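In what follows, a single structure is set out as structure tokens and then discussed.
The values are calculated or read from the model by the stated rules, or taken from the named source; none is laboratory data. Computed from a predicted structure; not experimentally measured. Every residue, glycine as well, gets a Cβ built from its backbone with ideal geometry; the counts of neighbours run over all protein chains shown. Protein only, heavy atoms only, side chains kept; ligands, DNA and RNA dropped before computing areas. Shrake-Rupley method; radii C 1.70, N 1.55, O 1.52, S 1.80 Å.
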Amino acid sequence: MQVVTKAIQDIYLDDYAWCYGCGRLNQDGLHFKTVWEENKTVTVYTPREEHTAIPGFVYGGLIASLIDCHGTGSASMMLHHKNGHRIGDGTEPPRFVTASLHVDFIKPTPHGVELRAEGTVEEIHPKKFKVKTAVFADKICCAKGEVIAVIMPSTFK
């Protein structure tokens, strides 16, 4: 029986599954998982105690990491879908790296609640995508961000 996964990060090849934010093989990582939900991409995460900025609030670097990994995962899902594939169909998804990350912190993010990143994806070039993301805590928008994601080069020379 084939297990059908839902998150794009679940089907990244092992060589590319080590990211601290979204790599399933990084035992110390955050393990963000990005999925489709109707016409948007979604990543849900509950911060751990060590993600505290000051008591009661989440460290901004975690929010930036969430937006970053959500953006590259969203771009990967969009191109995978555009290429005629679906998560769990046995095909390797494209991997993206961040070319640009911009984050605006709207409100302090409360600790102890689930965070929900919601994104929209726009293709701006066949190998480059823009992902706009809003991060919510208890349905309140705490941060907004934009990632320009590019297809990962095959070599790093």
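Once the 1.4 Å probe is applied to the protein heavy atoms, the range 1-145 comes out at 54 Å² accessible per residue. When only Cα pairs below 8 angstrom with a gap of at least 6 residues are kept, the chain shows a relative contact order of 24 percent.
About the Cα centre of the chain, how large is the charge dipole given +1 on each Lys and Arg Cβ and -1 on each Asp and Glu Cβ? Please answer in debye to the nearest 20.
340
Taking the longest Cα principal axis of the chain as reference, the axis of helix 60-82 is set at about 20 degrees.
What's the carbon and sulfur percent of the chain's accessible surface, probe 1.4 angstrom, rounded to a whole number?
On the way: 4680 of 8660 Å².
Here it works out to 54 percent.
Summing charges over all other residues whose Cβ lies under 14 Å from the Cβ of residue 24, with Lys and Arg as +1 and Asp and Glu as -1, gives -1.
Here r is the Cβ-Cβ distance between residue 100 and residue 27 and R0 is 41 Å; the resulting FRET efficiency, rounded to 0.05, is 0.90.
When each of the peptides 39-46, 140-147 is scored by how many other beta carbons lie within 10 Å of its residues on average, the order from highest to lowest is 140-147, 39-46. Extension gain for residue 141 to residue 83 (0.36 nm times residue separation, less C-alpha to C-alpha distance): 17.6 nm. When each of the peptides 108-121, 17-30 is scored by the mean number of other C-beta atoms lying within 10 Å of its residues, the order from highest to lowest reads 108-121, 17-30. For the chain, adding -39500 (n - 2.57) for each run of n ≥ 4 DSSP H residues and dividing by the number of residues yields -5000 deg cm²/dmol at 222 nm.
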